[in-house]
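Enquirer: Pasting a structure below so you can have a look.
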Amino acid sequence: MTNLFLDTLAGKTGPRPPFWFMRQAGRFLPEYREFRAQADGFLDLCYTPERAARVTLQPIERFRPDAAILFSDILVIPHALGQNVSFVEGHGPKLEPIQTAADLARLDPGRTHDHLAPVFETVRLVRAELPDDVALIGFAGSPWTVATYMIEGGSTRDFNTVKSWAITHRNAFATMLDLLVESTTAYLLAQVAAGAQALQLFDTWASAVPAAEFESWVVSPTARIVAGVKAKAPEIPIIGFARGIGPRLPDYVCNTGIDAVGLDSAISPAEAATSLQPLCPVQGNLDPAYLLAGGAEMERAAHEVLEALSGGPFIFNLAHGINKETPPAHVERLAEIIRNWGTT
Ligand code: CP3
């Protein structure tokens, strides 16, 4: 059976673009909120394979996208390394921040595989239940983005703490990125061994990186992860999603070795068709605000994306995760628009 998503990542252009949505499993779905209420916190949900598998499959049953994304989080890596991580309802993630080289030295890559075993079990359970024409995406955060949470101790608006730390402790920060490259590579390979068929690296906060540090904080760690995964699993495509990097996208694509690039909505679909699609398959980039709004504006914006990018290898997605207030009916309508694309 053909899998539109994997075919597209291999560079093919099919009858309609495949689609999936970032945060397709999550709080906008009532069935997710029900599971979440039963779990003993968000991380408990991530580490309970039967529940995490059900949550991964919920949007597949509702919307029939061409890919499922593993239900987990990018912050399981710092947690697995031994950092204190918790999710406080309504406040996002809280971590005991890394402040000194000694804090860093306490992190232990030797414990990550066992700690993350439930996540690999989730991958196995999901793959066993998914139809053949729906692919399973594994993922991780990119080292820079994960490091922002590890050093800031949670979400931040200005990134001052992590940026000044990285600049004043250059050696320690390089060691931290090395540690994240190593543990993330092993984590992604274990997801592949358990059944993940494609991988996505989320560099959500790449936009905060000064141009002068872009190579060493974003490009090089990403390139090393890609090379490490490809050394053992050359057949597995890797999507890189570095948000907010605008003019540096071609550099990011050409110098990291990623197979496809995720786009935010700062680049217009028409610009992406000329500047990026000739380089590699592209994924994106309907702003989630249109999906939240729904109606004629959503339809118009979705058609604009489809028209601009469907002529080449293209995976329809959003420019960032689904907003938690989004009515599921809007997502159903969007799925229908994409599924019918090219048939009328
Ligand atoms: O459906 C999916 O997309 C799969 C699961 C997934 C989650 N997080 C579940 C989640 C994925 C791929 C992520 C990635 C992730 N996590 C990123 C990168 C992508 C992005 O959104 O930019 C980042 C930066 C994180 C870190 C993170 N996790 C934050 C900042 C938060 C709190 C924000 C909030 O909206 O509360 C989370 C929590 C989180 N991860 C939730 C979900 C469904 C909500 C938690 C809950 O149910 O209480």
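Coordinate-derived values only; no laboratory data. In this text the structure is predicted, and so the values were computed from the model without any measurement. Positions of Cβ are generated from backbone atoms using ideal geometry, with glycine treated the same way; all protein chains shown enter the neighbour counts.
Enquirer: Computed FRET efficiency, Cβ-Cβ of Glu336 and Ser275, R0 30 Å: what is it to the nearest 0.05? Before the final figure, lay out the partial values.
Expert: Numbers: r = 30 Å, r/R0 = 1.00.
With R0 = 30 Å, the Cβ-Cβ based efficiency is 0.50.
Enquirer: Under 12 Å Cα to Cα from Lys163, which aspartates and glutamates show up? Leave out anything in the same chain fewer than 8 places away.
Expert: Partners found: Glu152, Glu213.
Enquirer: For Glu31, put the label point 7 Å out on the Cα→Cβ axis and report which residues of the stretch 58-74 keep their amide N under 11 Å from it.
Expert: Once the point is set 7 Å along Cα→Cβ of Glu31, 58-64 turn out to lie under 11 Å by backbone N, inside the stretch 58-74.
Enquirer: Can you check what the net charge comes to around Ile267, using other residues whose Cβ is under 12 Å from the Cβ of Ile267 (Lys, Arg +1; Asp, Glu -1)? Intermediate results must be reported in sequence, preceding the final value.
Expert: Working: positive: Arg243, Arg248; negative: Asp264, Glu271, Asp287.
Local net charge: -1.
Enquirer: What distance in nm separates the simple spin-label points at Glu182 and Glu297, each placed 7 Å from Cα in the Cβ direction?
Expert: With each label placed 7 Å out from Cα toward Cβ, I get 5.0 nm.
Enquirer: Let me have the relative contact order for the stretch 216-270, percent, based on Cα pairs under 8 Å that are six or more residues apart. Before the final figure, lay out each step's value.
Expert: Working: 46 pairs, mean separation 23.3, N = 55.
That works out to 42 percent.
Enquirer: Ok, one more. Mind checking which lysines have their Cα closer than 26 Å to the Cα of Lys12? Skip sequence neighbours fewer than 8 apart in that chain.
Expert: Lys230, Lys232
Enquirer: Here is a follow-up. Assigning unit charges at the beta carbon (Lys, Arg +1; Asp, Glu -1) and nothing else, what dipole magnitude in debye, to the nearest 20, does the stretch 1-83 show about its Cα centre? Present the calculation step by step, with values, prior to reporting the outcome.
Expert: On the way: 10 positive and 9 negative charges, 61 e Å.
In total the dipole reaches around 300 debye.
Enquirer: Summing +1 for each Lys or Arg and -1 for each Asp or Glu, what net charge is found among the other residues whose Cβ lies under 9 Å from the Cβ of Ala53? All intermediate terms of the calculation are to be shown ahead of the outcome.
Expert: Numbers: positive: Arg51, Arg54, Arg124; negative: Glu50, Glu121, Glu129.
Once all neighbours under 9 Å are counted, the net charge is 0.
Enquirer: So what's the gap between the Cα centers of the stretch 256-331 and the stretch 59-97, to the nearest angstrom?
Expert: Result: 23 Å between the Cα centres.
Enquirer: While we're here: With charges set only on the Cβ (+1 for Lys and Arg, -1 for Asp and Glu), what does the dipole of the chain come to about its Cα centre, in debye to the nearest 20? Working shown, then result.
Expert: On the way: 27 positive and 38 negative charges, 28 e Å.
Computed charge dipole of the chain: roughly 140 debye.
Enquirer: Report, to two decimal places, the Cα Rg of the chain normalised by 2.2 N^0.38 Å (N = number of residues).
Expert: Working: Rg = 19.0 Å, N = 344, 2.2 N^0.38 = 20.2 Å.
For the chain, the normalised Cα radius of gyration comes out at 0.94.
Enquirer: Same structure again: Rank Pro237, Pro269, Thr326 by how far each Cα sits towards the positive end of the charge dipole of the chain (+1 on Lys, Arg Cβ; -1 on Asp, Glu Cβ) and give me just the farthest.
Expert: Towards the positive end, the residue furthest out is Pro237.
Enquirer: Going toward the positive end of the dipole of the stretch 46-188, with +1 on Lys and Arg Cβ and -1 on Asp and Glu Cβ, which of Gly138, Leu180, Phe87 do you reach last?
Expert: Sorting the options by dipole projection puts first Phe87.
Enquirer: Please give the FRET efficiency for Lys230 paired with Val88, using the beta carbon to beta carbon distance and R0 = 25 Å, rounded to the nearest 0.05.
Expert: In this case the efficiency is close to 0.10.
Enquirer: Next question. Note down the nm distance, to one decimal, between modelled labels 7 Å out along Cα→Cβ at Thr156 and at Ala105.
Expert: My value for the distance between the label points is 2.4 nm.
Enquirer: Compute the signed sum of charges (Lys and Arg +1, Asp and Glu -1) over the other residues within less than 12 Å, Cβ to Cβ, of Gly257. Can you show the working numbers first?
Expert: Values: positive: Arg224, Lys230; negative: Asp259.
Within the 12 Å Cβ shell, the charges total +1.
Enquirer: On to the next question. Measure off 7 Å from each Cα along the Cα-to-Cβ vector at Ala212 and Ala329, then give the distance between these two points in nanometres to one decimal.
Expert: Result for the modelled spin labels: 5.4 nm.
Enquirer: Before anything else, pin down the relative contact order of the stretch 1-159: Cα pairs under 8 Å, at least 6 apart, normalised by residue count, whole percent. Walk me through the intermediate numbers first.
Expert: Values: 203 pairs, mean separation 44.4, N = 159.
It comes to 28 percent, rounded to a whole number.
Enquirer: Follow-up. Sort 279-288, 88-97, 225-234, 143-152 by packing, meaning the average of other beta carbons within 10 Å per residue, with the highest value first. Don't skip to the answer; put the middle values down first.
Expert: Values: 279-288: 22.3, 88-97: 12.9, 225-234: 16.1, 143-152: 25.4.
Order by mean packing, descending: 143-152, 279-288, 225-234, 88-97.
Enquirer: Ranked from highest to lowest mean number of other Cβ atoms within 10 Å per residue, what is the order of the peptides 66-73, 305-312?
Expert: 66-73, 305-312
Enquirer: Relative contact order of the chain, please, whole-number percent, based on alpha carbon pairs below 8 angstrom and at least 6 residues apart.
Expert: Details: 614 pairs, mean separation 73.4, N = 344.
Reported as a whole number, the value is 21 percent.
Enquirer: Still on this structure, I have one more. Kindly write out, for the stretch 288-305 in residue order, the coupling ³J(HN,Hα) from the Karplus curve 6.51 cos²θ - 1.76 cosθ + 1.60 (θ = phi - 60°), rounded to whole Hz, with x marking Gly and Pro.
Expert: My calculation for the stretch 288-305 gives x, 5, 5, 5, 4, 5, x, x, 5, 5, 5, 4, 4, 5, 5, 5, 4, 5 Hz in order.
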